[in-house]
Amino acid sequence: MSKKETKEPAEIRINGKMAKVPVVVGTEGEVGLDIRRLRDELGAIALDPSFSNTGACRSAITYIDGEKGILRYRGIPIEELAEKSTFLEVAYLLIYGKLPDKTGIETFKTLITRHTMVHEDMKNFFANYPLTAHPMAIISSMACSLSSYYPESLVAKGQEDLDLTIARLIAKLPTIAAYSYKKTIGHPMIYPKNNLSYAANFIHMMFSVPAEEYALDPDVERALDILLILHADHEQNCSTSTVRMVGSSQANLFASIAAGICALWGRLHGGANAEVMEMLEAIRKAGGDVKKYIAQVKDGKSGIRLMGFGHRVYKNYDPRANIIKAMCHKLLKKLTVDDDLLKIAMELEDAAIKDSYFIQRKLYPNVDFYSGLIYRAIGIPTNMFTVMFALGRLPGWIAHWKEMREDPELKIGRPRQIYTGPKLTHYTPIEKR
Ligand code: ACO
C-alpha cells in the first residue's frame, strides 16, 4: 500500500501550541491529514461523529468519486465489470487484488462449489425459528454459527486455511439465505446443485421444490449475477466499517461477517431496498399521487424520506443506479411484467430530480431505488431484498477484513470521545435520593 506524504505537512495550532500534521495522498489524489499524533502533541482529538470526514484506513480495494459518480473495484470501472465479468470473478478480484487467470478462476470456482452444502445439523437451527423470523436475523446468526462447525478456522494458520474459510462463507451463505426463505413459506430445504453457476444455484435453491424442477431463465440468472456484482463492494460504508471494527479485535471472519450483516439490516443502509418497495406500495395504495408524496417528504415535519434517494458519498447519480435502471426496464419487458410500481418509481424519480429540494441537497437515486423492482419481477419477496444485498456485499466485506488483517499497522479499532457528562460527583445512598 502506498504511503505517499507531501513535503509540506499541515500545521494545526491550539492554545499557543503547534503540531505539524503529515499529509497523506492517495493514488487518485485524495488528501488526508494523519492526525494520529495530535493528542500527544496538542492534547486534542479530532471530533467527527458519524465519520463523514474521517478516513479510517488506507485501502487499495475500491475507489469512489462521489462528485463525479465514479465507482471502481481495484481500478476497474463498475460499468465494465457489470458488462464483462461474473460475480465470482469480481469476488476474486476484490479479495485477491487482481483478475484471476484461467487456472485461478477454475480453482476458486471449484473450491466454492465443493462447499455449498451446510452441515446437516444446522438444519435444526432453522427448525426452531418461528415462521415469522426475518431472514436477516437467520442469516446473521447462521453466519456466526458457522464458526462453531469449523473451529480450526478460529486459529487460521496460513493462507490456505484462510482461503478455505473464505470459500466456505461465499459458498454457504446462498444456501443459508435460500433456506431462511424456504423456512418462512414452510417448504423443505433445497440442496445446492453444483453444476449450476453461483446465481443459478441460488435461484434453484429459492424456487425449486422437490416435486418439480424450476425452469431457469438465463436472463434472470445474468440479471442476478450483475446485481451481485454491483453490490460487491463500496469501500468504508457502515457494514464494511463494522466488519473491520469487529475484525480489528482479532475476531474470526465468520463473527466479523455476521456483525456486518447486522449493520446492513438497518433501513438507512441495506434495509433501504425493502423500504423503497414499501414506499412505492404505499403511494399506489394512496392513489399513486407522487407529487403529494414528494410534498410530504419536503415538509420536514412528516419525517418521511424518499427511500432509495441520497447517499453519504454520491452527490451525483449513483453509477450502480444507472446500470440497474436500464437492466430493470430490459428485464421487466422480457419477462412481460407490467408492474405499476415501476411506473410510480419512474414518475417519482422524474419529479424528484427536477425539484429544487433534491437538487440543492444533491439527492439522486441510489443503488436501492430500482433493485427491488428486479427482485420482485424475479419472484424474490421483499423481506429477502436485504439478504440479496448481503450476498452481493460478502466478497467486499471479506476483502476489507483480509486487507485489514494483513496491514502491518493494524491495531484494535477504538475511537475516542469528547465527554459531556457530569463532572466528579459522589454516590448518594438510596434513602437520600
Ligand atoms: N429524502 C429526503 N431528504 C433527504 C434524503 C431522502 N432520501 N436523504 C437526505 N435528505 C436530506 C436530509 O433531510 C438533509 O436535509 P437538511 O439539510 O434540510 O437537514 C440533507 O438531505 C442531508 O441529509 P443527511 O441525512 O445529512 O445525509 P447523510 O449523508 O447522513 O445520509 C442517507 C445519507 C442515509 C443515505 C440518506 O440520504 C437517506 O436516509 N436516504 C434514504 C435511505 C436510503 O436510500 N438508503 C440507502 C443508501 S445506499 C446504501 O446504503 C446502499
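The values are calculated or read from the model by the stated rules, or taken from the named source; none is laboratory data. Everything quoted here is computed from the prediction, not taken from an experiment. Cβ coordinates were reconstructed from backbone atoms using ideal geometry, including for glycine residues, and neighbour counts include every protein chain displayed. These accessible areas exclude ligands, DNA and RNA; they are computed on the full protein's heavy atoms, side chains included. Shrake-Rupley method; radii C 1.70, N 1.55, O 1.52, S 1.80 Å.
Scan segment 262-311 for residues that are outside any helix (DSSP H, G or I), more than 7 Å from the ligand (Cβ to nearest atom) and surrounded by 15 or more Cβ atoms within 10 Å (Cβ to Cβ) and the total you get is 4. Within segment 184-201, restricting attention to residues that are open to solvent by 10 Å² or more (accessible area, probe 1.4 Å) and in contact (Cβ under 8 Å) with a residue 60 or more places away in the chain, which residue is nearest to the ligand (Cβ to nearest atom)? The residue in question is 198. Considering the conditions (1) β-branched (Val, Ile, Thr); (2) open to solvent by less than 40 Å² (accessible area, probe 1.4 Å); (3) over 21 Å from the mean Cα position of the chain (by Cα), residue 398 is excluded by exactly one of them, (3).
Looking only at residues of segment 347-367 that are in contact with a strand residue (DSSP E or B) (Cβ under 9 Å, 6 or more places away or on another chain) and within 8 Å of the ligand (Cβ to nearest atom), we find that the one that is modelled with the lowest pLDDT is 366. Within segment 329-342, residues that are closer than 12 Å to residue 220 by Cα reach partners that are modelled with pLDDT of 90 or more and open to solvent by 50 Å² or more (accessible area, probe 1.4 Å) with beta carbons closer than 7 Å, at six or more positions or on different chains, in the pairs 331/219; 334/219.
Condition check ((1) hydrophobic (A, V, I, L, M, F, W, C); (2) farther than 30 Å from residue 324 by Cα; (3) touching a residue at least 60 places away in the same chain (Cβ under 8 Å)) across all residues:
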residue	(1), (2), (3)
72	no, no, no
90	yes, no, yes
162	yes, yes, yes
168	no, no, no
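Can you find even one residue in segment 40-57 that is among the polar types (S, T, N, Q), at positive phi and loosely packed, with under 11 Cβ neighbours inside 10 Å? Yes, segment 40-57 has at least one match. Taking residue 215, is it away from the ligand (no atom under 16 Å from the Cβ) and either touching a Leu at 6+ places or on another chain (Cβ under 9 Å) or open to solvent by 30 Å² or more (accessible area, probe 1.4 Å) (or both)? Judged against the criteria, residue 215 is a match. In this structure, residue 114 does not qualify as crowded, with 21+ Cβ neighbours inside 10 Å and among the basic types (Lys, Arg). Condition check for residue 220 on (1) closer than 25 Å to residue 64 by Cα; (2) open to solvent by less than 40 Å² (accessible area, probe 1.4 Å): one failure, at (1). If you go through segment 237-246 and keep only what is within 12 Å of the ligand (Cβ to nearest atom) and either free of Cβ contacts under 8 Å to residues at least 24 places away in the same chain or of a type outside the set (Ser, Thr, Tyr) (or both), you end up with 237, 238. Return yes or no: is residue 208 surrounded by fewer than 22 Cβ atoms within 10 Å (Cβ to Cβ) and touching a residue at least 60 places away in the same chain (Cβ under 8 Å)? No; evaluated as a whole, the condition is false for this residue.
Within segment 348-369, identify whether any single residue is of a type in the set (S, T, N, Q), touching an Asp or Glu at 6+ places or on another chain (Cβ under 9 Å) and surrounded by 10 or more Cβ atoms within 10 Å (Cβ to Cβ), and answer yes or no. Looking for residues that are of a type in the set (S, T, N, Q), touching an Asp or Glu at 6+ places or on another chain (Cβ under 9 Å) and surrounded by 10 or more Cβ atoms within 10 Å (Cβ to Cβ), one finds at least one in segment 348-369, hence yes. Inspect segment 353-365 for any residue being in contact (Cβ under 8 Å) with a residue 60 or more places away in the chain and under 20 Å from residue 260 (Cβ atoms) and give the result as yes or no. Within segment 353-365 (the criterion being in contact (Cβ under 8 Å) with a residue 60 or more places away in the chain and under 20 Å from residue 260 (Cβ atoms)), the answer is no, since none of the residues qualifies.
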